[in-house]
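Peer 1: Handing you a structure now.
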Amino acid sequence: MAIKLVVSDLDGTLLNRTSRLDSNTVRAVKSLNEEGILFTFATGRIDLNTWHFAKQLNLQLPIISCNGALIRYPFTGEPVYEAYLPDAPVDAILRLFQSEKRDFFVYTPTSIYYPDYSLAVERFRYYNLLAASNDLPQIEMINYTDWQKNKSNLCPPGTVKLYCHAKDREQVSKLGALVDSYPELTALKCAKEAVDIMVKGSDKSKGLLKVADLFHVGIDEIAAFGDEENDLKMLQTVGYPFLMKNAVKTLRNRLQSYHLAENHNCAGFARAVRQYIL
């Protein structure tokens, strides 16, 4: 394979079940670097929520984060691309989230906002402990319930993504229909019962193409790894798509051809890199 760039999703793909990097994965990325093959992440996370892993892998390329709405270099925060959500639609969507007591996050380049009833917010507290132990910047965590009091505009400044947990497919569909009513927005299913909302035209595929253009790499020279529906366009775009064995069935059904990598909890990324790329 004439591969010059490898791009991987994080959760369910590069990271194992405990959200850690397997030692085999670290060695595989090091081997890619030694062979002159570029490597980076494409994730729904905010990039600050990946710098711990970027440090472990000595990552030098820009990170494609927030499903392509934010692309920045790790450790410096130097931007390559930023797509901010418009105030009015976000205001309306956040009012719905609060009225229905949905667990949600508002992402900006440096912070996340969360409602005071959020249960999922613990994942960010856990990451901040990792960051602090490695002298890395922590994500600013802002209680949205307190922040929005006495404000007429409920969209925090610099919003790049909304995340919402939906308890069932009906809620996912309802949210998708709401987002569709705003032509400037797009919604992506990012987990079993979760939806990401970004500026229309923001997705991992678009982010990957921006990074590839920056380093003069053709799409037929790119390998990408993923496991969820928000990885679909990215995997359809590249010359060498790799699907994790633990990928959701809908993703398998919609991809016409791909290489199958072992489960993310069995160093599937590392095995595929050594078998097909190095």
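The values are calculated or read from the model by the stated rules, or taken from the named source; none is laboratory data. Please read all numbers here as calculations on a predicted model, not as lab measurements. Virtual Cβ from ideal backbone geometry, glycine too; neighbours counted across all protein chains shown. Ligands, DNA and RNA are stripped out before the accessible areas are found, and what is left, the full protein with its side chains, is counted by its heavy atoms. Shrake-Rupley method; radii C 1.70, N 1.55, O 1.52, S 1.80 Å.
Peer 1: Please verify whether region 5-12 includes one or more residues that are more than 26 Å from Tyr163 (Cβ to Cβ), touching a residue at least 60 places away in the same chain (Cβ under 8 Å) and assigned to a loop (DSSP other than H, G, I, E, B).
Peer 2: Within region 5-12, not a single residue is more than 26 Å from Tyr163 (Cβ to Cβ), touching a residue at least 60 places away in the same chain (Cβ under 8 Å) and assigned to a loop (DSSP other than H, G, I, E, B).
Peer 1: Of the residues Lys200, Lys189, Lys174, which single one is farther than 17 Å from Ser65 by Cα and at pLDDT below 95?
Peer 2: On the way: Lys200 fails: farther than 17 Å from Ser65 by Cα; Lys189 fails: farther than 17 Å from Ser65 by Cα.
Of the residues listed, the single one that is farther than 17 Å from Ser65 by Cα and at pLDDT below 95 is Lys174.
Peer 1: Please enumerate the residues belonging to region 250-264 that are part of a helix (DSSP H, G or I) and modelled with pLDDT of 95 or more. Walk me through it before giving the result.
Peer 2: Kept after step one, since they are part of a helix (DSSP H, G or I), are these residues of region 250-264: 250-254, 264.
If the condition is that a residue be part of a helix (DSSP H, G or I) and modelled with pLDDT of 95 or more, then His264 is the only one that fits.
Peer 1: Say whether the condition of being out of contact with any strand residue (DSSP E or B) (no Cβ under 6 Å at 6 or more places or on another chain), open to solvent by less than 10 Å² (accessible area, probe 1.4 Å) and in a helix (DSSP H, G or I) is met by at least one residue in region 232-243.
Peer 2: no
Peer 1: Are any residues in region 112-129 surrounded by fewer than 21 Cβ atoms within 10 Å (Cβ to Cβ) and within 15 Å of the chain's Cα centre (by Cα), and if so, which ones?
Peer 2: Arg123 - this is the single residue of region 112-129 that is surrounded by fewer than 21 Cβ atoms within 10 Å (Cβ to Cβ) and within 15 Å of the chain's Cα centre (by Cα).
Peer 1: Here's another thing I want to ask about it. Consider only pairs whose beta carbons are under 6 Å apart and that are at least six residues apart or on different chains; among these, list those whose first residue lies in region 198-213 and is without any contact (Cβ under 8 Å) to a residue 60 or more places away in the chain and whose second residue is in a strand (DSSP E or B).
Peer 2: Sorted first by the residue in region 198-213, then by its partner, the pairs are Lys200/Leu185; Lys200/Thr186.
Peer 1: Would you point out the residue of region 187-206, among those that are within 12 Å of the chain's Cα centre (by Cα) and in a loop (DSSP other than H, G, I, E, B), that is surrounded by the fewest Cβ atoms within 10 Å (Cβ to Cβ)?
Peer 2: Asp203
Peer 1: With the checklist (1) surrounded by 15 or more Cβ atoms within 10 Å (Cβ to Cβ); (2) in contact with a helix residue (DSSP H, G or I) (Cβ under 9 Å, 6 or more places away or on another chain); (3) touching a residue at least 24 places away in the same chain (Cβ under 8 Å) in hand, flag the one item Ala54 doesn't pass.
Peer 2: (3)
Peer 1: Hey, among Glu82, Glu78, which residue is touching a residue at least 40 places away in the same chain (Cβ under 8 Å), of a type in the set (D, E, K, R) and surrounded by fewer than 18 Cβ atoms within 10 Å (Cβ to Cβ)?
Peer 2: Glu82
Peer 1: Just the residues that are surrounded by fewer than 20 Cβ atoms within 10 Å (Cβ to Cβ), touching a residue at least 60 places away in the same chain (Cβ under 8 Å) and not polar (S, T, N, Q), please, taken from region 245-278.
Peer 2: Within region 245-278, Arg271, Arg274, Tyr276, Ile277, Leu278 meet the criteria.
Peer 1: Quick one: in region 157-186, of everything that is part of a loop (DSSP other than H, G, I, E, B) and over 21 Å from the mean Cα position of the chain (by Cα), which residue is surrounded by the most Cβ atoms within 10 Å (Cβ to Cβ)? Break it down into steps so the answer makes sense when it comes.
Peer 2: Step one: filter region 157-186 for residues part of a loop (DSSP other than H, G, I, E, B), giving 157-160, 166-168, 181-184.
Retained after the next criterion (residues that are over 21 Å from the mean Cα position of the chain (by Cα)): 168, 181-183.
Values: Asp168: 9, Ser181: 9, Tyr182: 18, Pro183: 9.
Filtering region 157-186 for residues that are part of a loop (DSSP other than H, G, I, E, B) and over 21 Å from the mean Cα position of the chain (by Cα), the one surrounded by the most Cβ atoms within 10 Å (Cβ to Cβ) comes out as Tyr182.
Peer 1: Something else: Of the residues Arg102, Arg95, Arg20, which is open to solvent by 10 Å² or more (accessible area, probe 1.4 Å), of a type outside the set (Val, Ile, Thr), out of contact with any Gly (no Cβ under 8 Å at 6 or more places or on another chain) and touching a residue at least 24 places away in the same chain (Cβ under 8 Å)? Show your work before the answer.
Peer 2: On the way: Arg102 fails: open to solvent by 10 Å² or more (accessible area, probe 1.4 Å); Arg20 fails: touching a residue at least 24 places away in the same chain (Cβ under 8 Å).
From the options Arg102, Arg95, Arg20, the qualifying one is Arg95.
Peer 1: Still on this structure: Considering region 127-148 alone, what residues qualify as being in contact (Cβ under 8 Å) with a residue 60 or more places away in the chain and assigned to a helix (DSSP H, G or I)?
Peer 2: Those that are in contact (Cβ under 8 Å) with a residue 60 or more places away in the chain and assigned to a helix (DSSP H, G or I): Tyr127, Leu130, Ala131.
Peer 1: Turning to a different aspect of this structure: Just to check your reading of the model, which residue among Leu85, Leu119 is within 22 Å of Lys206 (Cβ to Cβ), in a loop (DSSP other than H, G, I, E, B) and either at pLDDT below 95 or not charged (D, E, K, R) (or both)?
Peer 2: Working: Leu119 fails: within 22 Å of Lys206 (Cβ to Cβ).
When all the criteria are applied, what remains is Leu85.
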